[in-house]
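Just below is one structure, and these are the notes that go with it.
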DNA sequence: CTCCTGTCCT
DNA sequence: AGGACAGGAG
Ligand code: SF4
């Protein structure tokens, strides 16, 4: 079975009812995709901070620089000042560098494929997949920390991260839907943020609990395992 | 793979 | 005050 018992269908059904309304999102089931610029900006900000912290910064950036051209033309100091408080200032520099490439070399159009997105400054594997799925509807395997947790539990992958990354991504890939790929990516991340939380997953409210292997085994809270660093 | 960032949390 | 976090870069 390629579709893992309609995992995606159940998750999308849950998302239709429980999606967080976030400023950079379109509502579940929209026929249009979200604005690539807004998706990119939010994802870069979200790389380092929580949703609640990002919301006001995102609003200020979008109000002041509503398009990638406007951001690209902003002075460095203005962008750095607007970024102040978010931390990771190297990422703000990458943000600006990326905006300038897209604005000046790509006519202001973000590429739609992961491979092309990956080449832009500040866009790594996760962000490339997220933008291509959410803003372009591509069937990309979007795997961030939240998704790793959900999938490690649902498939009960007990091998520790980061070594288990590939195995987890492979299991995630088996669960991808044929359509609504952007909604699906966000549904999985919302599930990780709202239900399949790190310490105390709320399996009673989970749309995929019926075939969740870790829930059945009773060790969901212990997954994903991680190799101790020191 | 290791290193790195700064804010948030404890 | 110290560590956790979470992605990207090298
Ligand atoms: S059943 Fe529990 S552990 Fe499994 S995916 Fe749902 S919330 Fe996570």
Output the number of residues of the range A:115-131 satisfying the condition of being over 17 Å from residue A:44 (Cβ atoms) and within 16 Å of DNA strand B (Cβ to nearest atom).
0
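Check whether at least one residue in the range A:184-202 is away from DNA strand C (no atom under 16 Å from the Cβ) and free of Cβ contacts under 8 Å to residues at least 12 places away in the same chain, and report yes or no. Working first, answer last.
Of the residues in the range A:184-202, the ones away from DNA strand C (no atom under 16 Å from the Cβ) are A:184, A:202.
Among the residues that remain, those that are also free of Cβ contacts under 8 Å to residues at least 12 places away in the same chain are: A:202.
Yes, the range A:184-202 contains a residue that is away from DNA strand C (no atom under 16 Å from the Cβ) and free of Cβ contacts under 8 Å to residues at least 12 places away in the same chain.
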Identify, please: which residue in the range A:145-177 is part of a loop (DSSP other than H, G, I, E, B) and over 17 Å from residue A:201 (Cβ atoms) and is, among those, nearest to DNA strand C (Cβ to nearest atom)?
A:162
Residues that are away from DNA strand B (no atom under 16 Å from the Cβ) and either buried (at least 22 other Cβ atoms within 10 Å of the Cβ) or assigned to a loop (DSSP other than H, G, I, E, B) (or both), drawn from the range A:212-228
A:212, A:214, A:218, A:219, A:220, A:223
Give A:151, A:134, A:168 a once-over and let me know the one that is away from DNA strand B (no atom under 15 Å from the Cβ), in contact (Cβ under 8 Å) with a residue 40 or more places away in the chain and surrounded by 21 or more Cβ atoms within 10 Å (Cβ to Cβ).
A:134
Looking at the structure I just gave you, is residue A:95 part of a loop (DSSP other than H, G, I, E, B), surrounded by 14 or more Cβ atoms within 10 Å (Cβ to Cβ), touching a residue at least 40 places away in the same chain (Cβ under 8 Å) and within 16 Å of DNA strand C (Cβ to nearest atom)?
no
Could you check the range A:195-211 and list, in sequence order, the residues that are away from DNA strand B (no atom under 16 Å from the Cβ) and either under 20 Å from the mean Cα position of the chain (by Cα) or under 21 Å from residue A:19 (Cα atoms) (or both)?
A:195, A:196, A:201, A:202, A:203, A:204, A:205, A:206, A:207, A:208, A:209, A:210
Hey, residue A:17 free of Cβ contacts under 8 Å to residues at least 40 places away in the same chain, in a helix (DSSP H, G or I), outside the structural domain of residue A:93 (by TED's automatic domain parsing) and loosely packed, with under 13 Cβ neighbours inside 10 Å or not
yes
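The values are calculated or read from the model by the stated rules, or taken from the named source; none is laboratory data. Predicted model only: the values in this text are computed from it and were never measured. Cβ sites come from the backbone with ideal geometry, for glycine too, and all protein chains shown count toward neighbours.
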